[in-house]
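The values are calculated or read from the model by the stated rules, or taken from the named source; none is laboratory data. Every value quoted in this text rests on a predicted model; they were computed, and no experiment measured them. We place every Cβ from the backbone using ideal geometry, glycine too, and count neighbours over all the protein chains shown.
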Amino acid sequence: MLKLNQIQHVAIICADYEKSKHFYTDVLGLKIIREVYRKERLSYKLDLEVGNQYQIELFSFPNPPERTSHPEACGLRHLAFEVDEIIQAVDYIKQKGISVEPIRIDEFTGKRFTFFADPDGLPIELVEK
């Protein structure tokens, strides 16, 4: 039987590396663990920490195809982060000039949540603890 312990990381490919690096580090406040340029692939790889764990790899590649979002396509649907206080988190994101959907309540968990998008349109969800 296969036993999965946890999600080890999520890989994200971006169109504009500097813009996405700014978004994930300066806007969302993720800590940089390692940044490397892979010359043979013309690609950056940025390892980011969420909650004191290595969890996100941000990649750049030359001319990646755009993400299909609407209608929903197969593949990664969204990236979700837990926050202590959703109103405070939403206010912070809005102060950074990012549009945020209205806060909703999950009908099954009763938790408050909302969505916004990264620079490439990847939906990001905030869920209140």
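Pick from ILE32, ILE86, ILE98, ILE103: which is closer than 19 Å to TYR17 by Cα, at pLDDT 95 or above, outside the structural domain of ALA11 (by TED's automatic domain parsing) and surrounded by 11 or more Cβ atoms within 10 Å (Cβ to Cβ)?
On the way: ILE32 fails: outside the structural domain of ALA11 (by TED's automatic domain parsing); ILE86 fails: closer than 19 Å to TYR17 by Cα; ILE103 fails: closer than 19 Å to TYR17 by Cα.
When all the criteria are applied, what remains is ILE98.
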**Q.** Selection within region 15-26 - touching a residue at least 40 places away in the same chain (Cβ under 8 Å) and either over 11 Å from the mean Cα position of the chain (by Cα) or not assigned by TED's automatic domain parsing to the domain that holds ILE56 (or both)
**A.** ALA15, ASP16, TYR17, LYS19
Q: Given the conditions (1) in a helix (DSSP H, G or I); (2) without any contact (Cβ under 8 Å) to a residue 40 or more places away in the chain, report the number of the one that GLN6 does not fulfil.
A: (1)
Q: Collect the residues in region 33-56 that are more than 14 Å from the chain's Cα centre (by Cα) and in a strand (DSSP E or B), keeping them in residue-number order.
A: ILE33, ARG34, GLU35, VAL36, TYR37, ARG38, SER43, TYR44, LYS45, GLN53
Q | Odd one out for ALA73, checked against (1) assigned to a loop (DSSP other than H, G, I, E, B); (2) hydrophobic (A, V, I, L, M, F, W, C); (3) surrounded by 12 or more Cβ atoms within 10 Å (Cβ to Cβ) | A | (3)
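Identify all residues within region 8-18 that are of a type outside the set (Phe, Trp, Tyr) and farther than 17 Å from PRO123 by Cβ; write none if there are none.
Pass one, region 8-18, residues of a type outside the set (Phe, Trp, Tyr): 8-16, 18.
Once the filter is applied, which keeps residues that are of a type outside the set (Phe, Trp, Tyr) and farther than 17 Å from PRO123 by Cβ, region 8-18 yields GLN8, HIS9, ASP16, GLU18.
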